[in-house]
1. Going by the structure shown, is THR6 part of a loop (DSSP other than H, G, I, E, B) and either surrounded by 13 or more Cβ atoms within 10 Å (Cβ to Cβ) or hydroxyl-bearing (Ser, Thr, Tyr) (or both)?
2. Among residues belonging to segment 116-130 that are loosely packed, with under 13 Cβ neighbours inside 10 Å and not basic (Lys, Arg), point out the one that is farthest from LEU205 (Cα to Cα).
3. Name every residue in segment 104-115 that is surrounded by 12 or more Cβ atoms within 10 Å (Cβ to Cβ) and either of a type in the set (Val, Ile, Thr) or in contact with a Phe, Trp or Tyr (Cβ under 6 Å, 6 or more places away or on another chain) (or both), in order of residue number.
4. If only one of LEU49, LEU45, LEU71 is in the same structural domain as PRO221 (by TED's automatic domain parsing), part of a helix (DSSP H, G or I), under 30 Å from ALA165 (Cβ atoms) and modelled with pLDDT of 95 or more, which one is it?
5. If GLY178 passes every condition in (1) under 25 Å from LEU19 (Cα atoms); (2) in a loop (DSSP other than H, G, I, E, B) but one, which one does it miss?
6. Quick check on VAL66: is it under 25 Å from TYR229 (Cβ atoms), out of contact with any strand residue (DSSP E or B) (no Cβ under 8 Å at 6 or more places or on another chain) and touching a residue at least 40 places away in the same chain (Cβ under 8 Å)?
7. Modelled with pLDDT of 95 or more and either of a type in the set (Lys, Arg) or surrounded by 15 or more Cβ atoms within 10 Å (Cβ to Cβ) (or both) - does that describe any residue in segment 144-161?
8. Taking the options ALA213, ALA175, ALA228, name whichever one is at pLDDT below 95 and farther than 30 Å from PRO28 by Cβ.
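The values are calculated or read from the model by the stated rules, or taken from the named source; none is laboratory data. Please read all numbers here as calculations on a predicted model, not as lab measurements. So basically every Cβ, Gly included, is an ideal-geometry build from the backbone, and we count neighbours across all protein chains shown.
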Amino acid sequence: MEASLTPLPARSVVLSLMLGSHPDRWTPARLAAAAPVFGIAPATLRVALSRAVAAGDLRRDGGDYVLGERLARRQRHQDEAVEDAESGWGGGWDGAWEMAVVTVTGRSGAERAALRETLAEHRLAELREGVWTRPANLRRPASYAGDPVLTTFRSTPTGDPAALAADLWDLAGWAATGRRLVATLTDAEEPALRLAAAAALVRHLAEDPLLPASLLPESWPGAELRAAYAAYVAELNALLATL
């Protein structure tokens, strides 16, 4: 599987390292020390950093680099799946579902797209056009509820909630892809390739709907994927500590 991997571009390497860092603050010297590990030349790093700042992906703060607003939001979404995945799972779920219904028409395409992105970031799925839902098992605030174009409430399905979840999310597909990504990370050896595999894995984890355990298929690999990613992060931190 390693043969199908290619190293990330320099800008993606920088952003991947910072998205996985807590705090997300890197000095220029630390970035310069890390770059050669992933095959990035100094001049290439400078160009990548300049373009990342110009695009708003990074910003300068006291001479250091930190994530821009959009990527900071992405990091929080990623962390929910990687670190806090089991908050509110299991016996704490009372069977209720979150629902958001779009009640305002005539919005621009950009406004509709932005709302869809917000609801997807909150891990809701579209039951039908303008109707979004998910199990109410997550402890994160439903900040989308303040949007004036939405009516939000909680409800309980009359049918089988596991069947509804299977209709809303491709759980079997997510599980199969996740297992392949873990195998790819396991097979990769070079630091640049391992980072590329880990970046793909964490992106996949960010798409986990984080459903209650009672709604998941048997042999759900979520814990396996998180353990593989956590092991890689520990390995990466150990490597970076030697620089």
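1. yes
2. GLU129
3. Once the filter is applied, which keeps residues that are surrounded by 12 or more Cβ atoms within 10 Å (Cβ to Cβ) and either of a type in the set (Val, Ile, Thr) or in contact with a Phe, Trp or Tyr (Cβ under 6 Å, 6 or more places away or on another chain) (or both), segment 104-115 yields only VAL104.
4. LEU71
5. Tallying (1) under 25 Å from LEU19 (Cα atoms); (2) in a loop (DSSP other than H, G, I, E, B), GLY178 fails exactly one: (2).
6. Against the criterion (under 25 Å from TYR229 (Cβ atoms), out of contact with any strand residue (DSSP E or B) (no Cβ under 8 Å at 6 or more places or on another chain) and touching a residue at least 40 places away in the same chain (Cβ under 8 Å)), VAL66 does not qualify.
7. Yes, segment 144-161 contains at least one residue that is modelled with pLDDT of 95 or more and either of a type in the set (Lys, Arg) or surrounded by 15 or more Cβ atoms within 10 Å (Cβ to Cβ) (or both).
8. That would be ALA213, the only listed residue that is at pLDDT below 95 and farther than 30 Å from PRO28 by Cβ.
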